[in-house]
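Structure, as structure tokens:
The values are calculated or read from the model by the stated rules, or taken from the named source; none is laboratory data. In this text the structure is predicted, and so the values were computed from the model without any measurement. Quick reminder, even Gly has a Cβ in these numbers, built from the backbone with ideal geometry, and neighbours come from all protein chains shown. Heads up: the accessible areas ignore ligands, DNA and RNA and are worked out on the full protein's heavy atoms, side chains in. Shrake-Rupley method; radii C 1.70, N 1.55, O 1.52, S 1.80 Å.
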Amino acid sequence: MAKPWAASVLTIFPEMFPGPLAVSLAGRALEAGLWSLETLDIREFGIGRHRAVDDTPAGGGPGMVMRADVVGAALDRAIAGAPELPRILLSPRGRPLSQSLLRELAEGPGAHLVCGRFEGVDERVIEAKGLDEVSIGDYVLAGGELAALVLLDGVVRLLPGVVGAEASLSQESFEQGGLEYPHYTRPRSWEGWEIPDVLLSGDHGKIAEWRRREAERVTKERRPDLLGKNKGGKV
Ligand code: ADE
């Protein structure tokens, strides 16, 4: 079997992994060896008796900053074990996570995911180790761990053999450049709400056209910023 997609997570809270990824689709895929997970506790590289990983910001100001020497030593260890993996820092300052980035990562060998905490990570280690900063949205979490779990969830479901009906992946939101059309299933009538007639017509041409128009309507309404771009099917 091919080498499993390798998740290498650097964090001061290794107990947060695999967390929710131990169940359902990702959990089954982990057990089946379709991906692997290794955590590295950054605190192992901490300074002094208290294994400090952070210190006060140079120039003053509130909060604490993760030390370059500590994060750097943890990264050196992780990179030595898997030099081929891209290096990502989860941070609200990063470029936005997108379906195309998930796909790019899923097509690669895995990733080192550094979970930032406190006010941030010393800029020098970001530059020196070539960390690619990625954000999961314009809001601030207490740390990068949940963002890493989000990224991993998104990658794992794209790995070959994880999702049964591969065709459904190419239909879903963002893969075609916009949001997906609405879905319905049984019962045909529910609390007075009906399934649109066209979906029960058996006319596949009409159904495809209806779905195309609905996808466009929903995208226009909710995410006009997605319209007209990424015609190649990528966002
Ligand atoms: N860490 C804190 N907030 C974050 C965000 N929005 N994305 C990624 N990592 C984060």
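When Rg and the Kirkwood Rh are both derived from Cα coordinates, the Rg/Rh ratio for segment 102-235 amounts to 1.08. What number comes out for the charge environment of Pro182, summing +1 per Lys or Arg and -1 per Asp or Glu over other residues with Cβ under 9 Å away? Summing Lys/Arg as +1 and Asp/Glu as -1 gives -1. Total lysine pairs in the chain at Cα distances under 30 Å, for residues eight or more apart or on different chains: 10. The smallest convex shape that holds all Cα atoms of segment 1-92, its convex hull, gives 137 Å³ per residue.
Packing-based ranking of 111-117, 138-144 yields 111-117, 138-144, ordered from highest to lowest mean Cβ neighbour count within 10 Å.
Over every Cα atom in segment 178-225, the radius of gyration and the widest Cα-Cα span, Dmax, amount to 12.2, 35 Å. A simple spin-label model places pseudo-atoms 7 Å from Cα toward Cβ; at Glu194 and Leu169 they are separated by 3.8 nm. The alpha carbon radius of gyration of segment 55-177, expressed as a multiple of 2.2 N^0.38 Å, is 1.18. For the chain, the solvent-accessible area with a 1.4 angstrom probe is 57 square angstrom per residue.
With the Kirkwood sum run over all distinct C-alpha pairs, the chain has a hydrodynamic radius of 20.2 Å. Please report how far the C-alpha centroid of segment 1-53 lies from that of segment 140-155, rounded to the nearest whole angstrom. Cα centroid to Cα centroid, the span is 12 Å.
Start at zero, step by 5 Å, and the Cα-Cα distances of segment 157-204 spread as 5, 16, 17, 18, 19, 14, 9, 2, 0 percent across the bins.
For segment 1-45, the average shadow cast by the Cα convex hull is 3.3 nm², which is a quarter of the hull's surface. In sequence order, segment 180-192 has phi-based couplings of 7, 5, x, 10, 9, 8, 4, x, 4, 10, 9, 6, x Hz under the Karplus curve 6.51 cos²θ - 1.76 cosθ + 1.60, θ = phi - 60°, and Gly or Pro positions carry x.
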